[in-house]
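Worksheet: the structure to be examined is printed underneath.
None of the figures in this text is laboratory data; all of them are computed from the coordinates on show. This is a predicted model, so every value here is computed, not measured. A quick note on method: Cβ atoms are made from the backbone with ideal geometry, for glycine too, and the neighbour counts reach across all protein chains shown.
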Amino acid sequence: MGNSAIEIQNDELLSYKLGSVWKDSPIDGKEVDLYFQPGKLFFTMERREISLSGSTKLSKKCETIISCDNVYGVSTFEDYLLNDVGATYRLSIMNFEEKSEKFETFNYYFRNEEEFKKAKLKCASYNCTHREGVERNICVLVNPISGKKVSREYYSDILKPVLQFNRIKHEMYETQSATYIDEFISELNLKEHSFNEFVVIGGDGVFSQLLNAIVKYPERKMIQFPIGLMPGGSTNSLCCALSGKNPYTACKNIANKSLLKGDVFNVKMNDSKQSIYSTALSYGLPSDLVRESENLRDFFGRYRYIATAIPKFISPKKFPVYKSEVYYKLEDYEDQGTEDSNTEKDQRTNSRVNVPKVSEYKTKSNCKNYKSESEWRKIDIDEFSFHVIITHENRSSVGKDVNAPFARIDDGFMYIFGVKKCTRIQALNFLSKASKGTQVGYEKFFYQKATELRFRNPSGSYFCSDGEPYRSNDYTVKVLPGFVNLMGEIVKE
C-alpha cells in the first residue's frame, strides 16, 4: 500500500472503475473514485480541482494502492445506512500490512445502488463467506501445547479476525488430551453444529488424530470436509508443504478455501491395527529420537529432537545401525484417455535446483486408478541409519531443509528415502548436505517411489509416524491417492 504511481493508461481506468465512493465515512469521508484491476490492485483516485490560466479543471491523483496479494477478503453490506445524505452501501477490504504484520480494513461507501451492485459482482471472487454456493461453517481445533505453544495466539490474532471479517461461521475447541479429538468427533452432532470444514492449529500429529477420527464414521461423510492447517506444532511438515512457514499465508489459504486433493498412506500392523497418516513414517534414528525426546518437550519444545540427537553424535559408542527388510510395489496409473503434459509433470517434480528426475511414469491428477501389479520387489539394502516414508517434500518450519524435494502431496505416490548404514562422520556429512538441499546425490542417500511398502524389522522394533511412536516389527504401508481435501497451495520455492 502507498502513494506511488501506477502504470495504467487513462483509457483503461474506466473499465476498472467500481464507482464513486466516500472513504472511511459516508458523511464526512473523502470523496474518491475506486478502481479494481482483477488479480492485481485495488486503488483509489482522489479528485482535485486545480486552476490553470483562470480556468478550473478536475484532476485525479492516486491516493491508495492495495495489492490483491495482500487482500484477505472483501465484504459488502447491503443493509444500507440512512442519514442526511441518503442511502449508502459499504464495501470493506481487509488488507495485510507485511511490514507491521497487522491487518487493516478500508471502508468505502457507495451512494449509487447500481454502482454498488456492479462493484459487488466484480469483487465476488474475493468474498470468502460462501464457496461453491454453500455457507461455510468451520470447526477449529487448537492444540495449545504444540510446539512453541503459539496456537492460541495464531487463532486469536490471525485466524479469528479474518474469519470474522469475512463473516465465516466457526467455533473453536481446544484439545485437552491425546484422546480429545477422537472423543470429540465421536460425539459431534452435525445437525446441531452443521460444520462443513475443519481447521487444525497444531502439529502434524493433531492432523493425523483428526483424520483417523473422522474415517471411523464413513456414513457421516466428514472425510469430504476440506481441512485447513496452521503451523502451530514442532515441525509442521504438511502445513509447510501447503502454505510455507508463514501462518498468515496458511490463514489466507483457509479464507480463500484454496483446495487440492492430498495423498496420505494407510499403515496395517502385524496385530491388524490400521491407521492413516499424512506426514512421515520413520524407522531407525529419527524414531528413537522421537521416543527419547518426549520427556524434554516442556524444556526444549520443538528443539527437543536436536537436544536428544547431540549425545548420539558425540558419544564414543558405535553409531546406531538398524536392520530392516523393505519390499515395495510401484503401480502405474491407468490411461483413461486423458493426457498429462510431461513438461508440466517435470516442472512439478523438478521444481528445485540440482534434483534428478524421479518419475519415469506419467501421473494424472484427476485419475487415481492403478494398473494391477502383484510383484513385490526388494530394496537391496538391509542395514540403515534410518528410512522414512513420506507423501510430500517433508519441509520443516524449524530450518530450511527439504528432505524429499522429489515428492509432491498430490502426485499419487509415496516415497521411501533414507541413509544407508554409515559412520558418525558420514551421518554428519549427510546432515550438512541436507541443510543445503544437496543430499539427493550423496552416496549414502537413497530413495524409491512406491504405491505399497512392506517391512520386516527385528522383534521389538519401533516406528514413528506423525510424531507418535508405535511398536511393530511387521507392517504394510499403502498410499491413498487424493484421499483428503486440503486447503492450501503447493509451495513453489
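A few remarks follow.
- Separation of the Val134 and Glu63 label points, Cα + 7 Å toward Cβ, nm: 4.1
- Å³ per residue enclosed by the Cα convex hull of region 131-257: 101
- With R₀ fixed at 41 Å, the C-beta to C-beta distance from Thr438 to Lys216 puts the FRET efficiency at about 0.45.
- Linear extension gain, Arg471 paired with Lys273, 0.36 nm per residue minus alpha-carbon span: 70.1 nm
- Under 5 Å between amide hydrogens, built in the peptide plane, is the criterion, and for Thr64 it picks out Thr44 among residues at least 5 positions away or on other chains.
- Shape call, region 166-205: gyration tensor on alpha carbons, a/c limit 1.5: oblate
- In this structure, the residue pairs whose Cα-Cα separation is over 28 Å, taken from Lys268/Lys433; Lys99/Lys149; Lys117/Lys261; Lys160/Lys273; Lys312/Lys478; Lys120/Lys191, are Lys268/Lys433; Lys117/Lys261; Lys160/Lys273; Lys312/Lys478; Lys120/Lys191.
- Local electrostatic count, Gly205, Cβ distance below 9 Å [Lys/Arg +1, Asp/Glu -1]: -3
- Sequence ranges 140-148, 64-72, ranked by mean other-Cβ count within 10 angstrom, highest first: 140-148, 64-72
- Across region 176-258, the relative contact order, built from alpha-carbon pairs under 8 Å that are at least six residues apart, equals 29 percent.
- Using 0.36 nm per residue and subtracting the Cα-Cα separation, the extra length available between Arg167 and Ala87 on full extension is 26.5 nm.
- Positive contributions from Lys and Arg (+1) and negative ones from Asp and Glu (-1), summed over other residues with Cβ under 15 Å from the Cβ of Asn189, come out at -2.
- As a calculated quantity, the FRET efficiency between Lys191 and Ser15 at R0 = 51 Å, using C-beta atoms, amounts to about 0.60.
- Working from Cα pairs under 8 Å separated by at least six residues, relative contact order for region 63-179 is 22 percent.
- Burial order of peptide ranges 107-120, 177-190 (average beta-carbon count within 10 Å, highest first): 107-120, 177-190
- The residues packed around Cys464, meaning those with a beta-carbon under 9 Å from its beta-carbon, carry a net charge of -2 if Lys and Arg are +1 and Asp and Glu are -1.
- Relative protection proxy for 236-244, 156-164, from highest mean packing down: 236-244, 156-164 (other beta-carbon atoms within 10 angstrom).
- Linear extension gain, Arg456 paired with Lys99, 0.36 nm per residue minus alpha-carbon span: 123.3 nm
- Across region 124-237, Cα pairs under 8 Å and at least six residues apart give a relative contact order of 35 percent.
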